[in-house]
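The structure under discussion appears below in the form of structure tokens.
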Amino acid sequence: MHSYPDAKAVVRALSPDEAVILNRPHAAARAARFFAEKFPGTAMYAVKANPSPDLIRILWDAGITHYDVASIAEVRMVREVLPEAKLCFMHPVKTSSAIREAYFTHGVRTFSLDTLEELAKIVDATTNEAGEAASDLQLLVRLRVSSEHSELSLAAKFGVDLADAAPLLQETRQHCDALGICFHVGSQAMTPFAYVQALERVRAAIAEAAVTVDIVDVGGGFPSVYPDLDPPAMEDYFAQIHRHFEALPISYSAELWGEPGRALCAEYSSLIVKVEKRRGNELYINDGAYGALFDAAHVDWRFPVVALEDDLLQPVAEFSFYGPTCDDADYMKGPFLLPEDIQAGDFIEIGMLGAYGAAMQTRFNGFGATQGYVVENEPMFSLYRGDRPTPASDNVVSLR
Ligand SMILES: *Cc1c(COP(=O)(O)O)cnc(C)c1O
């Protein structure tokens, strides 16, 4: 793949009429090495955050050996890219055929569940033709925990309530080689206390069920950096998780797992968009709610932005964006801070889009077939280099 020094070089060379994704392999590799070296257990990549095969190879080469997959399509894709990787099927509601294919064809042994029905489905789908039940399953019971410290809740849909966890843990114990408890504190958890609180609930579940637990999986939720969302250092998260994991009533050989999605790939990508029209402080750009900017539209996520023209005035103004489709909902409130004289024909780089950015693209209205290029400069922010939003930064990213 052709590589460029930075976004301005891409604009100079291509003046792209369609939105362009810029990938930074060095940034993804840095995040992966950080987790591989410093997370006090096994870090598995949550593939849904960005299922790019290129990215998955980069993470593998940088030391990430376990992958959290949520569908049979993700199982097949990761298995094809990484024949040696350990795949964990961590979606608590799966189809029987997906479980069967994952187990018998792709070597998947690890599954999550939050009901007795799902347990029965897993046991049935992994029983062989001779009627022998699998003896090598790792089963993780998903516990419902609070999402109150996170930007995106994952508390409503999955997870057994603490009050109902004991019988499920006891029954699951009967059917597995290794028993785990997993949870998800919600995406972009802004304080390590989210994990401390969830691990307290794990402690209560273990005490109530009186079962031997072999794996504690703290899920995803590890943050990245955005203009309004500047979390504590990742080391603080790891230290708190380690301390509270060690204090659980589990055996010395019990394993700690985590499932970072966002934190491993947010810094990987940015996007170049072109301003097609300006109406007051609304900019009509060529990507949006149905493209890589789903979260900007649907949950008002403020991604950092930089104007790519050299001759613009520096005083900034607050802008909102309209995407390219014909739908009013294709609107991103922002505010995005850009030079006040920006106009049609100008290019903008939108940063920190490696997680839940490219992964969300649709082809609605015929848009969304973005080209990807490699660039060599640093992402707008980095949790791993310590580049944080600051008003003094000459990137016009956070003046609020
Ligand atoms: C989405 C998801 C993750 C990744 O979450 P992030 O907030 O991106 O870290 C991990 N585990 C499960 C089960 C998920 O659904």
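Any read-out appearing in this document is the output of simple, stated calculations on the displayed coordinates, not a laboratory observation. Predicted model only: the values in this text are computed from it and were never measured. Positions of Cβ are backbone-derived with ideal geometry, glycine not excepted, and every protein chain shown enters the neighbour counts.
Worth pointing out:
- In region 138-157, the residue that is nearest to the ligand (Cβ to nearest atom) out of those that are out of contact with any helix residue (DSSP H, G or I) (no Cβ under 7 Å at 6 or more places or on another chain) and part of a loop (DSSP other than H, G, I, E, B) is Leu154.
- Members of region 234-277 that are more than 16 Å from the ligand (Cβ to nearest atom), small (Gly, Ala, Ser) and more than 27 Å from Val306 (Cα to Cα): Ala239, Ala247, Ser251, Ser253, Ala254
- Subset of region 237-276 that is over 19 Å from the mean Cα position of the chain (by Cα) and among the acidic types (Asp, Glu) - its residue that is surrounded by the fewest Cβ atoms within 10 Å (Cβ to Cβ): Glu246
- Every condition in (1) closer than 22 Å to Phe222 by Cα; (2) away from the ligand (no atom under 15 Å from the Cβ); (3) not aliphatic (A, V, I, L, M) holds for Gly280 except the one numbered (1).
- Yes/no for Pro223 being within 16 Å of the ligand (Cβ to nearest atom) and in a loop (DSSP other than H, G, I, E, B): yes
- Scoring Val10 on the criteria (1) in a loop (DSSP other than H, G, I, E, B); (2) closer than 16 Å to Gly351 by Cβ leaves a single failure, condition (1).
Residues checked against (1) away from the ligand (no atom under 14 Å from the Cβ); (2) within 30 Å of Glu267 (Cβ to Cβ):
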| position | (1), (2) |
| --- | --- |
| Gly159 | no, yes |
| Arg173 | yes, no |
| His184 | no, yes |
| Ala194 | no, yes |
| Ala198 | no, yes |
| Ile206 | yes, no |
| Val213 | yes, no |
| Asp217 | no, yes |
| Pro232 | yes, yes |
